[in-house]
Structures are given as C-alpha cells and as structure tokens.
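Asks: The structure's right below; bear with me while I get my questions together.
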Amino acid sequence: MNDQPTEHTRHISITRTSSDGTVSQTEVHITAVHHRDDETGTA
C-alpha cells in the first residue's frame, strides 16, 4: 500500500512586451500535493 502523497510542481514563465518596448517577465511555481485515497482508488 502506497500512502505517500505525490507532489507535482509546475513552472510557468510569462514574458510580455508592452507597446513602448518594455519587457516584463513573470515566473510562477505551483506545487500541488495529492493524497491518494486507497479506499476509493482515487487521487
């Protein structure tokens, strides 16, 4: 039985250039932890 939570990390990088030529960059890190329920078999 595996009751360890699984962790997923998503990295999103957004680069925008405005009309006056200014470049802005945003980086987002999203971490989700899923606990598996072995009774129902769903995550």
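Asks: Would you grab the residues whose amide H sits under 5 Å from the one on ARG36? Only those 5+ places off in sequence or on another chain, please, with H modelled 1.01 Å from N.
Replies: Long-range HN contacts for ARG36: THR6.
Asks: Give me the one-decimal nm value for the distance between modelled label points at SER13 and HIS35, 7 Å along each residue's Cα-to-Cβ direction.
Replies: 3.5
Bear in mind that the values in this text are calculations on the coordinates, not laboratory data. What you are looking at is a predicted structure, and each value in this text was computed from that prediction instead of being measured. All Cβ positions, even for glycine, are placed from backbone atoms using ideal geometry, and neighbour counts span all protein chains on display.
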